[in-house]
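Enquirer: Have a look at the structure that comes next, please.
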Amino acid sequence: MAFTHIWQALAALFFALFGPAHMALAQPLLPVPALTARLIDQTHTLTAQQATTIESRLRTIAAQSGSQVVVLMVPTTAPEDIAPYAHRVASTWKIGRKDVGDGLLVVIAKDDRRVRMEVARAVEGAFPDWAASRRIEQQMAPHVRQTAWAAGMWAALDQSAAGIAGGELPAASAAASHQAAGVELEGAAIFLFLG
């Protein structure tokens, strides 16, 4: 009889420790959305005017530098961490000019309070982990802490555009700036918004 109680206690302990983890793993991954715009706000946080302004800024970056920058804002990346989710999105979308490798993907997980940048090889020099971290922490995070998401994105995009402009990339062409083109993106560091 005592052996049965011990066995039941061990089974309950095993389920308590490992059951929820297995259930979380069984949860389906967040699908990669279709690349329909330079700004995709699945959280509906931005007003129509804010979204239009940011989309315009992203078009300007592409027209001036040729680099394609895309911002994706999701509520959460659960059950995945932001790093593998952003990598899946980048691998699916393949943004940037194929012959140059100059795409930049910014993934914002609003409820998780995390941001991740995935950068193509040609712009890695402009976006080393420490510089990207500083851009996010100094330019974007102060606005986000006050829930000024559009202002935070604008500040980060200004810094990103300056970083891209400082690189030695081929000139923009009208055709290249409108195409997504098979470029593998590399990941920068994960950034956590505090309080």
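We did not get these values from a lab; they are worked out from the coordinates using the rules stated. Since we're looking at a predicted model, the values are computed, not measured. Please note: Cβ atoms are built from the backbone with ideal geometry, for glycine as well, and neighbour counts cover all protein chains shown.
Enquirer: Compare the peptides 102-110, 150-158 by average per-residue count of other Cβ atoms within 10 angstrom and give them in order, highest first.
Expert: Sorting 102-110, 150-158 by mean packing, highest first, produces 102-110, 150-158.
Enquirer: Quick check for you: which residues of region 142-164 have the amide N under 18 Å from the point 7 Å beyond the Cα of residue 134 toward its beta carbon?
Expert: Residues passing the 18 Å test: 142, 155-164.
Enquirer: Which distance in nm do the two modelled labels at residue 76 and residue 113 give, with both placed 7 Å along the Cα-to-Cβ direction?
Expert: With each label point 7 Å from Cα toward Cβ, the separation is 1.5 nm.
Enquirer: To continue, here is another question. If each of residue 36 and residue 63 carries a label point 7 Å out from its Cα toward its Cβ, how far apart are those two points in nm?
Expert: 2.4 nm
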